[in-house]
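Working notes, structure below.
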Amino acid sequence: MNKNIRNLAIVGISVVVLGGVAAALLMTQPKGGDSFSESSTSTIELVSKNSSDITSMKVVNQKGSYTILPSVKKKTASSGTSSGASSAASEEITFYVKELGNIPANTSAVSQVVQNGYSLVATKNLGTVSNLDDFGLKNPKATVEITFKDGSTYNYKIGNVTATDSSAYYMCGQNSNNVYTVSIDSGLLEGKEYFVTKEILSINNPSGENDFTKIALSGKNYDQPLLLGKSGSDLVLTSPVSAKTDADKLSAIKTALTSMTADSVEALNPNAEVLKRYGLDKPLVVADYTVNKQSYQLKIGAKKDTGYWVMLEKVPVIYFVKDESVSALLNASAFSLRSKNLVAPEVSEVKSLTVSGNGAQYTFTVARKKDETKSTEDKAQYTYSVTGNDGKTLDYSKNYTNYFKIVTSLQILEPANGNPTGIPAAKLEFAYFNRSGTDTVAFYKSGDRRYTAVVNGSVYGLVTDGDLQKVLDSAKTLQNGGAIS
C-alpha cells in the first residue's frame, strides 16, 4: 500500500475512535450535560453555572422534600466623576426555602446547599453500570431537580456513600446509568427542618445593657405567678411579694430570656395535638417579658432526657434545648429571686439605729457635719460621729461602721410559713437623714432556733437564732465601748 494512503487511513481510524469516545461521554451525561467539562486537576465539572442562573432547586429525600428559590433585591450603587455622579443598578441574590414561609432560616445553610445546584463537581467517572441498585441509585437517598433561567434543567440522583471515601456519594443523571462520585452538602439529605435557624433568642441593645421593664413568670411550675417590674434602674419583685431582687438570680433569668440556642429543631407549624404531645399546651413555664421596648413570650414544655421542648411566640417551631439553657427559669421562685437581705441602706444614709432584744434597747444616734473643704457644688461631703444610750460617745469610723455591716448582712435563710402572731422577740428600726419615715424589722420566735423576719409589716422569711443573737450581742458590745470587728 502507498505509504501516504496508509497514513491517511490510520488518521481516519483515529478520528472515528475519538469521535466514538466523545459521543459515549455525551450520551452518559446527566440531563443538562452541556455544562460537563474535565479540569486539569482530574475533577469533572458536571454543572458549572452561576447562582444567578437558578430559578428553582427541588430536593426530595428520605426525610421529606423542599424547594429552594431565589430572592432578588435591587441595589443602586453611585459613583462620582469629575462631571457629576452616575447610578448603576445591581442585584443581590439570596435564597430561601419555600416550605418554611416566614420561619427564621439559617441562610448560610441554604446557600451551601444551593451550590450543589449550580456547581457540582465529580471526583471520579465510573462509567456506565449495569445495575444502579449496587450504588443505591435505584432507590436513591435524594433526587435533585434544578431549573435555570435559560429554560434548561439539571436533574440527578444521590445514592450510597462510596466504598472508599465516606465523605463522597455515588451520583447519576435522572435518566442515566453513568455513575460518578461526588461530594455534596449534607443538607441534600435532610428535611426542611434542617434549614431552620437554631438561634431562638439573640437580643442585644445597641445602646448598652438590655433594658428590661417587665418579666412575668407563670405556668405549672409556679403556685402563683412571679411578677417583676421596673423601679428606678432596677427590676424588683412586685408579686407575690414586694422585694428587691437577688442580682445573680436575676442576671441568670435575663440571660435565658435574651440568649438561647436550640440543640435541635423538632417540629414546624404544630397543631393542637402536637403541642399537647410536647407539653406546650400546658407549659411548665410561660415567660412574658418586655426588653428594649419589645415584648416576647417564651414557653417551656415537657422534659425529655437532658432538655426541654420550647417555643417562642410568633415562631411556629418546637425546639429542643438543653437543661442549662432554661434552668434559671425552671428553678425560679419568689424566695430564690428576692434579695436575702432584710434592709440594706448605706451607712451614711442612716440617722439613727435602734436595736431591741434580750430585754435591752440600744439607740445609736448619728450626727453629721458638712466638710467644706471636701464638698463640691454637685456633692456634699460630711464628717460623722455617733452616740449611744445616754449620749455616750462611741467610735464611728471603725466600731459603729463594722457593727452596721453585721446588721445589714443579716439575711433570711428560708421562706416563712404564714404570718407570725404575738410580740416580737427583737426589733431593728432605721431612721434616715434625707427621707422621712422609718424601716422596721421585727423578729418573731418561730420554732427551734428560727425567727420570722417581718419588714415594715411584710413577712420576709426565717433567720437563724445564731445570726440574730450576733446582732443583739454586738449592740451591747458597741454600747459598752468594746471593739467590733
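Bear in mind that the values in this text are calculations on the coordinates, not laboratory data. Note that the structure is a prediction, hence the values are computed from the model and not measured. Glycine also receives a Cβ, built like all others from the backbone with ideal geometry; neighbour counts cover every protein chain displayed.
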Check: Amide H neighbours of Arg338 under 5 Å, counting only residues 5+ apart in sequence or on other chains, H built in-plane at 1.01 Å?
Finding: Asp246
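Report, in deg cm²/dmol and to the nearest 500, the calculated mean residue ellipticity at 222 nm for the chain, where each DSSP H run with n ≥ 4 adds -39500 (n - 2.57) and the sum is divided by the residue count.
On the way: 8 runs with 90 residues, N = 485.
Value at 222 nm, helices only: -5500 deg cm²/dmol.
By Kyte-Doolittle mean hydropathy of at least -0.5 and Cα axial length of at least 15 Å, which whole DSSP H helices of the chain are selected?
Details: long enough: 3-27 (36 Å, 1.66); 107-118 (17 Å, -0.01); 247-258 (16 Å, 0.33); 465-479 (21 Å, -0.65).
Once both thresholds are applied, what remains is 3-27, 107-118, 247-258.
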Next item on the list: Using +1 at the Cβ of each Lys and Arg and -1 at the Cβ of each Asp and Glu in the chain, identify which of Pro140, Thr477, Leu188 lies farthest towards the dipole's positive end.
Entry: Thr477
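Among Leu410, Leu227, Leu217, Leu69, which comes first, then next, by fewest other beta-carbon atoms within 10 Å? Before the final figure, lay out the partial values.
On the way: Leu410 21, Leu227 18, Leu217 24, Leu69 15.
Ordered by Cβ neighbours within 10 Å, fewest first: Leu69, Leu227, Leu410, Leu217.
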Check: Of the lysine pairs in the range 347-479, how many meet both conditions: Cα atoms under 15 Å apart, and a spacing of 8 or more in sequence or different chains?
Finding: 9
Notebook entry, point to check: Where the centre of each part is set by its Cα atoms, how far does the range 386-404 sit from the range 143-163, in angstrom?
Noted result: 87
Note to self: 7 Å from Cα along Cα→Cβ at both Thr153 and Ser119: what's the point-to-point distance in nm?
What the structure shows: 2.5
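R0 = 25 Å: FRET efficiency of Ser48 with Lys74, Cβ-based, nearest 0.05? Please report the intermediate quantities before stating the final value.
Working: r = 27 Å, r/R0 = 1.06.
Efficiency, from the Cβ-Cβ distance: 0.40.
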Notebook entry, point to check: Given the C-alpha centroids of the range 222-289 and the range 415-485, what is the distance between them in whole angstrom?
Noted result: 34
Check: Taking the Cα centre of the chain as the origin and placing charges on Cβ (Lys, Arg +1; Asp, Glu -1), which of Asn271, Gln411, Ala256 is farthest toward the positive end of the dipole?
Finding: Gln411
Notebook entry, point to check: Cα to Cα, under 23 Å, and not fewer than 8 places away if on the same chain: which lysines meet these conditions relative to Lys138?
Noted result: Lys31, Lys58, Lys63, Lys124, Lys157
Note to self: Can you list residues from other chains, or at least 5 along the same chain, whose modelled amide H is less than 5 Å from the amide H of Gly136?
What the structure shows: Asn160
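What number, in percent, do you get for the relative contact order of the chain if the mean sequence gap of Cα pairs under 8 Å and at least 6 apart is divided by its residue count?
Working: 956 pairs, mean separation 45.0, N = 485.
Once normalised by length, the contact order is 9 percent.
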Next item on the list: Starting with the fewest neighbours, write out Ser52, Ser111 ranked by other beta-carbon atoms found within 10 Å of each beta-carbon.
Entry: Ser52, Ser111
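Could you tell me the relative contact order of the range 198-337? Use alpha-carbon pairs under 8 Å, at least six residues apart, and round to a whole percent.
Details: 275 pairs, mean separation 38.6, N = 140.
Once divided by the residue count of the range 198-337, the mean separation gives 28 percent.
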Checklist line | Residues whose placed amide H lies under 5 Å from that of Lys214, excluding near-sequence neighbours | finding: Thr290
Notebook entry, point to check: When a footprinting reagent is the concern and you count Cβ atoms within 10 Å, what order do Asp185, Asp288 take, fewest first?
Noted result: Asp185, Asp288
Item checked: Debye log10 I(q)/I(0) for the range 259-377, one point scatterer per Cα, at q = 0.11, 0.15, 0.17 Å⁻¹ -> -0.59, -0.76, -0.91
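Compute the FRET efficiency between Thr107 and Val161 as 1/(1 + (r/R0)^6), taking r as their Cβ-Cβ distance and R0 = 25 Å, and round to the nearest 0.05. Kindly include the intermediate steps, with their values, before the conclusion.
On the way: r = 28 Å, r/R0 = 1.11.
According to the calculation, E is roughly 0.35.
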Item checked: Within the chain: Cβ-based charge dipole about Cα centre, in debye rounded to nearest 20 (Lys, Arg +1; Asp, Glu -1) -> 300
Notebook entry, point to check: From the phi of every residue in the range 142-152, what ³J(HN,Hα) in whole Hz does the Karplus formula 6.51 cos²θ - 1.76 cosθ + 1.60 yield, where θ is phi - 60° and glycine or proline is x?
Noted result: 7, 10, 10, 10, 10, 10, 10, 4, 7, x, 6
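Can you tell me the order of 418-426, 348-356, 140-148 when each peptide is scored by its average per-residue count of other Cβ atoms within 10 angstrom, highest first? Show your work: numbers first, answer last.
Values: 418-426: 13.1, 348-356: 17.8, 140-148: 20.7.
The packing order, highest mean first, is 140-148, 348-356, 418-426.
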Check: Which label belongs to the value computed from this structure, given these candidates for Cα Rg over 2.2 N^0.38 Å: [x] 0.97; [y] 1.65; [z] 1.38?
Finding: [y]
